[in-house]
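The structure appears below as structure tokens.
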Amino acid sequence: FKEEDLLNAIHTLSKSFNNTLYHLHIYVGVYEITDCNEDVSIMCDKANIAIKTLHETYDKCIAYYNDSIFNDTLLEKRLVGEFDTALAEKQFCMYLQPQMTPEGRMLGAEALVRWQHPNRGLIFPGDFINVFERTGLIYRLDKYVWELAVQKLSGKNELYISVNISAKDFYYMDVYKTITTLVEKYGIIPKTLKLEITETAIMTGISGELEILEQFRNYGFQVEIDDFGSGYSSLNMLKDISADVLKIDMGFLRKSENEVKGQDILESIIALAGKIGMDVITEGVETKKQLDMLTMMGCHEFQGYYFSKPVPVSEFEEKYLV
């Protein structure tokens, strides 16, 4: 078949169903038959597997099956199947990435997760976080990491640790009750546990996130907006949200075709944050040039490979908590 003919047919069909109330978006999975004796149901399953790669993608409507897609699907099922055992056996471990002053003084750290798999070795979050988010397991992993962070903070008032709150956490549990219960259980000072939530999660607001974040601040936590500039950033959001820290990813500059314009916008964001009483942390800092530029712009807290990659807790304590 010709892909152009199929696209025209999809367009015609979608257009005939569209109206002011709803829009029909058609996805097509294509599996090229190489074995005529293969069961038809298996052929259909493979075409459906291809369709799943288009999840929440609107610029494409046709996906072609190949063996790598099948292998990725098997790997995803394997990760999900091993999750309960991994959690019970504490295979997930907390790594810490320091947050520093321009001079290199450690202020605190962000908690990140790694999977120490008994057979495959160290697995990085990019290989499993999205899988657990899609399958609804992320809230259990987040809760596990939160407790590791709170345990580490117990009796250490000179350190703070930032933990991530996923958007789906708000759907699956009472985030406020869960975190405050941990704080009370281990007797830590709330301000030593900083709470990071992405701007995308905040923008949904359908699970009462804004109200919950205000409750956290009233309790004594500091709230951070993570990855600002990487999603659908809104100045209106900064007006309405109650947060203490704005985290800016250096990818904000790297993605821009106009470097000078990107720097001007970044400098304006840092100045604006200061005017409305928010601290700024820039993450993803990799070079001295970036550090000097951001310091001149008025940013005084940094996180990135220029200072340190995420390291095991024991290595972090040996280097920074002596």
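Against the longest principal axis of the chain, how steep is helix 40-52, in degrees 0 to 90 to the nearest 10, with axes from Cα atoms?
Tilt of helix 40-52: around 40 degrees.
For the chain, what is the mean residue ellipticity at 222 nm derived from helices alone (per DSSP H run of n ≥ 4: -39500 (n - 2.57); sum divided by total residues; nearest 500 deg cm²/dmol)?
Details: 14 runs with 150 residues, N = 322.
Mean residue ellipticity, 222 nm, calculated: -14000 deg cm²/dmol.
Just order 190-197, 43-50 by mean Cβ neighbour count inside 10 Å, highest at the front, would you?
Details: 190-197: 21.2, 43-50: 16.5.
Listed from highest to lowest mean packing, they are 190-197, 43-50.
If you put +1 on each Lys and Arg Cβ and -1 on each Asp and Glu Cβ, how big is the dipole of region 1-138 around its Cα centre, in Debye rounded to 20?
On the way: 12 positive and 20 negative charges, 94 e Å.
Taking the Cα centre of region 1-138 as origin, the dipole is about 460 debye.
Give the relative contact order (percent, whole number) for region 1-134; include only Cα pairs under 8 Å separated by 6+ residues. Write down the numbers at each step before the final one.
Values: 127 pairs, mean separation 18.8, N = 134.
Worked out over region 1-134, it gives 14 percent.
Quote the Stokes-Einstein diffusion coefficient, in whole µm² s⁻¹, for region 97-138, based on the Kirkwood radius over alpha carbon pairs, a temperature of 37 °C and a viscosity of 0.692 mPa s. Can you show the working numbers first?
On the way: Rh = 12.5 Å.
In µm²/s, the coefficient rounds to 262.
Quote the charge dipole size of the chain about the Cα centre in Debye, to the nearest 20; the model charges only the Cβ of Lys and Arg (+1) and of Asp and Glu (-1). Numbers along the way, then the final one.
Numbers: 32 positive and 49 negative charges, 128 e Å.
Roughly 620 debye for the chain.
Kindly express, to the nearest 10 degrees and within the range 0 to 90, the angle between helix 209-219's C-alpha long axis and the longest C-alpha principal axis of the chain.
It works out to around 20 degrees.
Rounded to whole Å, give me the distance from the Cα center of region 106-133 to that of region 162-205.
18
Any idea which of 202, 145, 75 is furthest toward the positive side of the dipole for the chain, if Lys and Arg beta-carbons carry +1 and Asp and Glu beta-carbons -1?
Positive-end residue among those listed: 145.
Please find, in a Gaussian network model of the chain (springs between Cα atoms separated by less than 10 Å), the residue of 287, 53, 198 whose mean-square fluctuation is greatest.
Answer for the Gaussian network model of the chain: 53.
What's the magnitude of the charge dipole for region 125-165 around its Cα centre, counting Lys and Arg as +1 and Asp and Glu as -1 at the beta-carbon? Answer in Debye, nearest 20. Each step should come with its number before you reach the end.
On the way: 5 positive and 5 negative charges, 20 e Å.
For this selection, approximately 100 debye.
Carbon-plus-sulfur fraction of the accessible area of region 118-224, 1.4 Å probe, in percent?
Numbers: 2480 of 4940 Å².
Solvent-exposed carbon and sulfur of region 118-224 make up 50 percent of the total.
Over region 1-117, with the other protein chains present, what is the accessible area per residue in square angstrom, probe 1.4 angstrom?
Details: 7580 Å² over 117 residues.
Spelled out: the 1.4 Å probe surface of region 1-117, per residue, equals 65 Å².
Cα gyration tensor of region 5-105, axes a ≥ b ≥ c as square roots of the eigenvalues: rounded (a/c below 1.5), prolate (a/b > b/c) or oblate? Walk me through the intermediate numbers first.
Numbers: a/c = 2.94, a/b = 1.56, b/c = 1.89.
Oblate, because a/c is 1.5 or more while a/b does not exceed b/c.
Using only the alpha-carbon atoms, how far is helix 3-17 inclined from the longest principal axis of the chain? Give it as 0 to 90 degrees, nearest 10.
Around 80 degrees separate the two axes.
Between 167, 157, 96, whose Cα lies farthest towards the positive end of the dipole of the chain when Lys and Arg beta carbons carry +1 and Asp and Glu beta carbons carry -1, centred on the Cα centre?
Final value for the positive-end residue is 157.
The values are calculated or read from the model by the stated rules, or taken from the named source; none is laboratory data. Predicted, not measured: the structure shown is a model, and the values here were computed from it. Ideal geometry is used to build each Cβ from the backbone, glycine not excepted, and the neighbour counts take in all protein chains shown. Heavy atoms of the whole protein, side chains included, go into the accessibility calculation; ligands, DNA and RNA do not. Shrake-Rupley method; radii C 1.70, N 1.55, O 1.52, S 1.80 Å.
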